[in-house]
Amino acid sequence: MDVFERVRVSGGQWKLGVQISDRSERMLSVRFHTDVIAGMVGHDGAAMETMKRDRSEEGLKRLQEILIRFKNNLCELRSFMRVQYDRSGDIPFVTELYEYTAPRQATLKAKVARERSTAHLLEVLPPDCDIVKR
């Protein structure tokens, strides 16, 4: 992933724009919905703004730890994403994340295999050994 809009909080809302890939050469520019980021970080935008106003050494350290953990989680993110497109043609939003499990992979493979026009997508799915078994 490449970041085209750095993570920030504005008006109590998280903002982040990245380019994502499905393991092919294609990239898609998306913005993460504020609720998705809040779920990954463990704090909503308003709470982060409150922490940011706390100029104590402990408060700033906590804020830095949260952002570093978020960055690491984002870099290691391996999940299905619900991407919502707007009719205006603006950059789409990631509105939900789904853990990439073996049952979900099997469902996706079956759907892709049924459609001849999407069979090439089987090549970009991660191998079974990378899947978290549940």
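The values are calculated or read from the model by the stated rules, or taken from the named source; none is laboratory data. Only a predicted model underlies this, so the values are computations on that prediction, with no experimental measurement involved. Reconstructed Cβ throughout: ideal geometry from the backbone, glycine too, with neighbour counts over all protein chains shown. Side chains included, ligands, DNA and RNA excluded: accessible areas come from the protein's heavy atoms. Shrake-Rupley method; radii C 1.70, N 1.55, O 1.52, S 1.80 Å.
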Query raised in the report: Just wondering, is there one or more residues in the range 48-57 that are assigned to a helix (DSSP H, G or I) and modelled with pLDDT of 95 or more?
Result: no
**Report entry** Of all residues in the range 101-114 being more than 19 Å from S24 (Cα to Cα) and open to solvent by 90 Å² or more (accessible area, probe 1.4 Å), the one that is nearest to the chain's Cα centre (by Cα)
**Finding:** R104
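Being on the phi < 0 side of the Ramachandran plot, out of contact with any Cys (no Cβ under 9 Å at 6 or more places or on another chain), open to solvent by 80 Å² or more (accessible area, probe 1.4 Å) and not in a loop (DSSP other than H, G, I, E, B) is true for just one of F70, F4. Which residue is that? Talk me through it step by step, then tell me what you get.
Details: F70 fails: open to solvent by 80 Å² or more (accessible area, probe 1.4 Å).
When all the criteria are applied, what remains is F4.
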Requested in this report: Provide a single number: the residues in the range 20-41 that are part of a strand (DSSP E or B) and under 20 Å from Y98 (Cβ atoms).
Outcome: 6
**Report entry** Residues within the range 17-43 that are in contact (Cβ under 8 Å) with a residue 40 or more places away in the chain and either hydroxyl-bearing (S, T, Y) or open to solvent by less than 50 Å² (accessible area, probe 1.4 Å) (or both), tallied
**Finding:** 9
Query raised in the report: If you check D54 against the conditions, is it open to solvent by 40 Å² or more (accessible area, probe 1.4 Å), under 19 Å from the mean Cα position of the chain (by Cα) and in the same structural domain as V7 (by the TED database)?
Result: no
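Only one of these is assigned by the TED database to the domain that holds G11, open to solvent by 60 Å² or more (accessible area, probe 1.4 Å) and assigned to a loop (DSSP other than H, G, I, E, B): R82, R87, R62. Name it.
Sole residue among the options that is assigned by the TED database to the domain that holds G11, open to solvent by 60 Å² or more (accessible area, probe 1.4 Å) and assigned to a loop (DSSP other than H, G, I, E, B): R87.
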Report summary line: P92 meets each of (1) without any contact (Cβ under 8 Å) to a residue 40 or more places away in the chain; (2) in contact with a Lys or Arg (Cβ under 8 Å, 6 or more places away or on another chain); (3) not small (G, A, S) with one exception, condition (1)
